[in-house]
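Working notes, beginning with the structure itself.
The values are calculated or read from the model by the stated rules, or taken from the named source; none is laboratory data. Note that the structure is a prediction, hence the values are computed from the model and not measured. Here the Cβ positions follow ideal geometry from the backbone for every residue, glycine too, while neighbour counts run over all protein chains shown. Heavy atoms of the whole protein, side chains included, go into the accessibility calculation; ligands, DNA and RNA do not. Shrake-Rupley method; radii C 1.70, N 1.55, O 1.52, S 1.80 Å.
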Amino acid sequence: MDQRFIINGGRRLKGEVHISGAKNAVLKLMAAALLLDDACEIHNVPELADVYIMVEVLKSLGAKVDYDTKEKKIRIDASELTSHEACYELVSKMRASFTVLGALLGRCKEAKVALPGGCSIGERRIDFHIKGLEALGAQVKIEGGYVIAKAKKLVGTTVYLDRPSVGATENVMIAAVLAEGSTIISNAAQEPEIADLANFLNAIGADVNGAGTSEIVINGVKQKDLHPTAYTTIPDRIEAGTYIAAVIATKGKAVIRNIFPSHLSAVTSKLSDMGAHITILDPFSIEVSCGKSLNAVNIVTQPHPGFPTDLQSPFMSVLAVAEGLSVITESIYENRFRQIGELTRMGANVQQEASRAIVKGVKSLTGAQVRASDLRAGASLLVAALIAQGTTEITGLYHIDRGYEKVVEKLSGLGADIQRLNIPESDINAKINVDEIYLT
Ligand code: EPZ
């Protein structure tokens, strides 16, 4: 049954919210668990649609997966893999499953993984992944919509990435764990999720150094050196940033718990420029508040430690009601402004000029029927709905459910008036496009 959110906006969010484990870290740890011919446990796993898809991918390869949603942990036993092929039906549902390429190649020395293809937010090429794996000695070809990679052995080398791609850094790092000798990834992505993956790999016996900087060194180890572990993943900085956006946009005051404040420094710096208040309460909590109108600011999305592209859309909703003119430049994706049309329907004044969005702050937004076109565009609509006067109905919820665990419970806990309702069979408008493939 398709669903919608009904949100009555205009309430100041207050209280506290507990942030879940990081989707974009957990999914990669799950793929990396394939390196181990034994079992391991990952803790702090959020219950999200994407995690369920990754469970299916791992099972399709022969891994035994036990997902305990109550305890928020996953046990993956990859001791007996039965396949090295990840099929299109699964990979096309979720791009992160492409990370099994590096793990299967490292472990089995062969892998056949469906090409994820482009997606609604951009072309999302995989050329750096392929170049990196070839540099390690793999023969890689693309045939029938699949990447087919084989190697007699992988040998460490220097892999320079033309740009610090998160996915390419992860695939090469995972594949290099069982390579002979040392691999250096130069111009590596520095996102916290990369450091988390390296910490997980080290916890199972790998030798990875420098993750979180632009140069990562992986000293190859032998399969017998890898061993079981129980590992707790990092908090989701993008989920945290989304709640921060919602709190300040509604002129509220809330404590954001279970975060690493240093992962959010680009965001908190912008918050100060906007006139919001941020107090670090302890190593894992901050308080954010905003009692008055926010100032307009300019934002340029950049690889970490720059302002994250994944928070560009929710912050556009905040700036839609800030005082003055803001310019948002999206430098990571070609098409990540898909929320603009819907925000405009809610009364926002945003003009897109190529990769820039010019946001002229308005006094307030008004509720409307809107549709989420991708995960973070959906987050942008949530924030806008919480600000808006009147009722907003959001459809396309499967996008939002991919990245925000228990979003209704968490927002209600902050005092929002939000309900998740089933869409009646007779409501044709709300059901249009529900079968579109989603892939971010
Ligand atoms: C990860 O995607 C995240 N996804 C994205 O989160 C996030 O937006 C992105 O990193 C940037 O931070 C997951 O972790 C599952 P990239 P990824 O490789 O790895 C180009 C969300 O909302 N590129 O750093 O795919 C590419 O086209 C999402 O949670 C190449 O040209 O990102 C893109 O424009 C969406 N060739 C840019 O680099 C390549 O071989 C950044 O991509 C690889 C990438």
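Hey, among ALA189, ALA195, which residue is in contact (Cβ under 8 Å) with a residue 60 or more places away in the chain and under 18 Å from the mean Cα position of the chain (by Cα)?
ALA189
In region 407-440, what residues are at pLDDT below 95, under 23 Å from the mean Cα position of the chain (by Cα) and either within 16 Å of the ligand (Cβ to nearest atom) or among the hydroxyl-bearing types (Ser, Thr, Tyr) (or both)?
ILE437, TYR438, LEU439, THR440
On the basis of being surrounded by fewer than 22 Cβ atoms within 10 Å (Cβ to Cβ), assigned to a loop (DSSP other than H, G, I, E, B) and away from the ligand (no atom under 16 Å from the Cβ), does GLU41 make the cut? Break it down into steps so the answer makes sense when it comes.
Working: surrounded by fewer than 22 Cβ atoms within 10 Å (Cβ to Cβ): yes; assigned to a loop (DSSP other than H, G, I, E, B): no; away from the ligand (no atom under 16 Å from the Cβ): yes.
No: the conditions fail for GLU41.
Of all residues in region 342-374, which are of a type in the set (A, V, I, L, M, F, W, C), within 15 Å of SER313 (Cα to Cα) and out of contact with any helix residue (DSSP H, G or I) (no Cβ under 9 Å at 6 or more places or on another chain)?
Of everything in region 342-374, just one residue is of a type in the set (A, V, I, L, M, F, W, C), within 15 Å of SER313 (Cα to Cα) and out of contact with any helix residue (DSSP H, G or I) (no Cβ under 9 Å at 6 or more places or on another chain), namely ILE358.
With respect to ASP225, is the statement that it is of a type in the set (Asp, Glu) and buried (at least 21 other Cβ atoms within 10 Å of the Cβ) true?
Against the criterion (of a type in the set (Asp, Glu) and buried (at least 21 other Cβ atoms within 10 Å of the Cβ)), ASP225 does not qualify.
Of VAL255, VAL217, which residue is part of a strand (DSSP E or B), hydrophobic (A, V, I, L, M, F, W, C), away from the ligand (no atom under 16 Å from the Cβ) and open to solvent by 30 Å² or more (accessible area, probe 1.4 Å)?
Only one candidate qualifies: VAL217.
Can you tell me how many residues within region 344-381 are among the small types (Gly, Ala, Ser), in a loop (DSSP other than H, G, I, E, B) and within 16 Å of the ligand (Cβ to nearest atom)?
4
Answer yes or no as to whether ALA96 is open to solvent by 10 Å² or more (accessible area, probe 1.4 Å) and within 16 Å of the ligand (Cβ to nearest atom).
Yes; evaluated as a whole, the condition is true for this residue.
State yes or no: is GLY341 surrounded by fewer than 19 Cβ atoms within 10 Å (Cβ to Cβ) and part of a loop (DSSP other than H, G, I, E, B)?
Numbers: surrounded by fewer than 19 Cβ atoms within 10 Å (Cβ to Cβ): yes; part of a loop (DSSP other than H, G, I, E, B): no.
Answer is no for this residue.
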